[in-house]
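Reviewing the structure listed below.
All of the numbers you see were taken from the coordinates with simple rules; none came from a lab. Because the structure is a prediction, the values reported are computed rather than measured. Glycine also receives a Cβ, built like all others from the backbone with ideal geometry; neighbour counts cover every protein chain displayed.
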Amino acid sequence: MSYQTLISATDLSRLIEQGGVLICDCRFDLGDPDAGHRAYLEGHVPGAIYVDLERDLSGKPNGANGRHPLPERQAFAARMAELGVGRDMLVVSYDTSGGYYASRLWWMLRWLGHGQAAVLDGGLAGWTAAGLPLRQGEERTAPGDLVASPGTGMPVADVQAIEANLDGGELLVVDARTAERFHGQPHPLDTASGHIPGAANRFYQLNLSEDGRFKAADELARDFAAVIGDTPPEKVVHQCGSGVTATHNLLAMEVAGLKGSRLYPGSWSEWTSDSSRPIATD
């Protein structure tokens, strides 16, 4: 069976026994960058390696490209290969944050053109709720042979595309931050308050049911239809504070069958790095 969006804990447990899957623990805490790795060492899905948001899933910020810019594609592919990802291997990511750090890795692998990538639905809590075991300590894997596939990955929209779209463009920007931040309430992570003019708001946590798993595909399709209207998915661009939680909305749209939307990687932290760019609060 092919997994390209979500995988259940029971299915993952079965695949672990069969082999051919690499599991990535993506836990992270913006306020304590080492907390995710400490938690991983204390207990993780057996066989999982630790993947760090800032060391593995981000490039170097330069003050103008956002807090978590994308790394160069070839460099990221090389790092994933170093961690054990093979060209034909299923990669499953998880966290304890509703899936948004895990979805960052999922999206980035799809960005490389690696189709076999999925997020563990329900995260680590879903795994333990299924009565499945944890393991302590560091795990190591043999290097893989992953390479970036030119022109086949998830599309992006850069800041120039967003600027060009301000005056009646075809793109619809969807902001994954809270409604409060979207409408201008100050937040410690933001250097300026508000949103990109013309953007819509879809808080990423609305993609989840009360049990922490993603809503059903038909429910997500209805939810996003209320946000994007008649805009084709390929004209939808997702952003957030720094290009992380926006991937949660991208994943949710893929689950809903609304394929082909884009990520604005720099997101709000890049947009607001230039004070000449307009800001809305309506």
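Odds and ends about this structure:
- Hits among aspartates and glutamates - C-alpha to C-alpha of K215 under 17 Å, sequence gap 8 or more where chains match: D121, D223, E254
- When the charge dipole of the chain is built from unit charges on Cβ atoms (+1 for Lys and Arg, -1 for Asp and Glu) and taken about the Cα centre, the candidate among G229, P46, T96 whose Cα reaches farthest toward its positive end is P46.
- q = 0.12, 0.19, 0.21, 0.24 Å⁻¹, segment 1-94: log10 I(q)/I(0) [Debye, one scatterer per Cα]: -0.44, -1.02, -1.16, -1.31
- Environment charge of R73, counting only residues whose C-beta is closer than 13 Å and scoring Lys/Arg +1, Asp/Glu -1: +1
- Packing-based ranking, highest mean first, of 190-202, 149-161 given that Cβ atoms within 10 Å are counted: 190-202, 149-161
- Separation of alpha-carbon centers, segment 34-72 and segment 217-262, rounded to whole Å: 24 Å
- 0 to 90° range, to nearest 10: angle between helix 73-83 axis and the chain longest Cα axis: 20 degrees
- Qualifying lysines (Cα of each under 30 Å from Cα of K60; at least 8 residues distant if same chain): K235, K259
- Net charge, E163 excluded, C-beta distance under 13 Å - Lys, Arg +1, Asp, Glu -1: -3
- Residue-count net charge about D190 - beta-carbon cut-off 9 Å; Lys, Arg +1, Asp, Glu -1: +2
- Rounded to 5, percent antiparallel among DSSP beta bridges of the chain: 10 percent
- ³J(HN,Hα) computed for each position of segment 48-59 - Karplus, 6.51 cos²θ - 1.76 cosθ + 1.60, integer Hz, glycine/proline x: 6, 9, 9, 10, 9, 4, 8, 8, 10, 10, 9, x
- Over the residues of the chain, the helix contribution to mean residue ellipticity at 222 nm works out to -8500 deg cm²/dmol, using -39500 (n - 2.57) for each DSSP H run of at least 4.
- Phi-based couplings in Hz for segment 173-186 (Karplus 6.51, -1.76, 1.60; Gly and Pro marked x): 7, 10, 8, 8, 6, 5, 4, 5, 5, 4, 8, x, 6, x
- Alpha-carbon geometry of the chain: the Rg and the Dmax are 18.1, 55 Å, given in that order.
- Antiparallel DSSP beta bridges within segment 159-271, percent to nearest 5: 10 percent
- Backbone geometry of segment 129-136 corresponds, through the Karplus equation with coefficients 6.51, -1.76 and 1.60 at θ = phi - 60°, to 3J(HN,Hα) couplings of 5, 7, x, 8, x, 10, 9, 9 Hz, x marking Gly and Pro.
- Between helix 9-18 and the chain: long-axis angle, C-alpha atoms, 0 to 90°, nearest 10: 50 degrees
- Kirkwood radius and radius of gyration were both taken over the C-alpha atoms of segment 159-271, and their ratio Rg/Rh is 0.95.
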